[in-house]
Structures are given as C-alpha cells and as structure tokens.
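Working notes, structure below.
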Amino acid sequence: QVQLVESGGGLVQAGGSLRLSCAASRSIFSNSAMSWYRQAPGKQREFIATITKGGSTNYADSVKGRSAISRDNAKSTVYLQMNSLKPEDTAVYYCNAGLYGVIYWGQGTQVTVSS
C-alpha cells in the first residue's frame, strides 16, 4: 500500500523557518520523483518543489531561494526546508509522487505564517 504522510507544519511568525517532512512507502520512494504542492484557502493547488531519484531539484519562482527540498533515501523521507516565511506562504502543504501512472497525495500539513 502506498502511503505519503506529511508532518512538520505549524504556526510561525513571518521571517521564521519550518521543515516539513513526508514519510513515504519504500515502493514509491525508491521509484519516483517526490514533490511538494500547497493549497491556500480559495486558491488552486500549486507546485512548490520537486526532487528526482537522482537528487535533481526544481522550484516554483514563489519559493526559489527561500526553500530547499531534499530526500533521505535511508528513511524514505523527503523534506522541504522553508526559510524567510511570508504570510502568503500560509497554506496546506501536500506531498506528491507518481508510480505506474497513478498519482498519490498525502493528507497535508497546515502551515500558518503570522504577520
């Protein structure tokens, strides 16, 4: 069974940092690029960052330079380090991966940035 479980969200002041984690089933982690998306209230879900199996990364312009995605292959976990957080970063953050044509999502973790 494929599972993606996010953690690490919370309430933080503007300018602060958070590290989100996504623990994945080994079957999907070993065979997939891993990505983070977010969805703010009343807005569409948007891409944030992705990391391939080989460690190549790509970021949305909205977080480039403030965020870093990484993966720990031993723990089947992908991380999203977010720095210099802004109120507009407030959203539910989701982990995402695809395997054999099926897209999987975690349940999400709430990030709230106060001004």
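Taking each residue of segment 7-18 that is more than 16 Å from Tyr94 (Cβ to Cβ) and looking for partners that are exposed (fewer than 13 other Cβ atoms within 10 Å of the Cβ) with beta-carbon atoms closer than 7 Å, six or more apart or interchain, yields Leu11/Ser114; Gln13/Ser114; Ala14/Pro87; Ala14/Ser114; Ala14/Ser115. Among all positions in segment 52-71, there is at least one residue which is in contact (Cβ under 8 Å) with a residue 40 or more places away in the chain and not aromatic (Phe, Trp, Tyr). Selection of segment 1-14 for residues being assigned to a loop (DSSP other than H, G, I, E, B) and touching a strand residue (DSSP E or B) at 6+ places or on another chain (Cβ under 9 Å) yields Val2, Gln3, Gly8, Gly9, Ala14.
A short reminder: the numbers here are calculations on the coordinates, not readings from a lab. All of these numbers come straight from a predicted model, not from anything done at the bench. All Cβ positions, glycine included, derive from the backbone under ideal geometry; neighbour counts span all protein chains shown.
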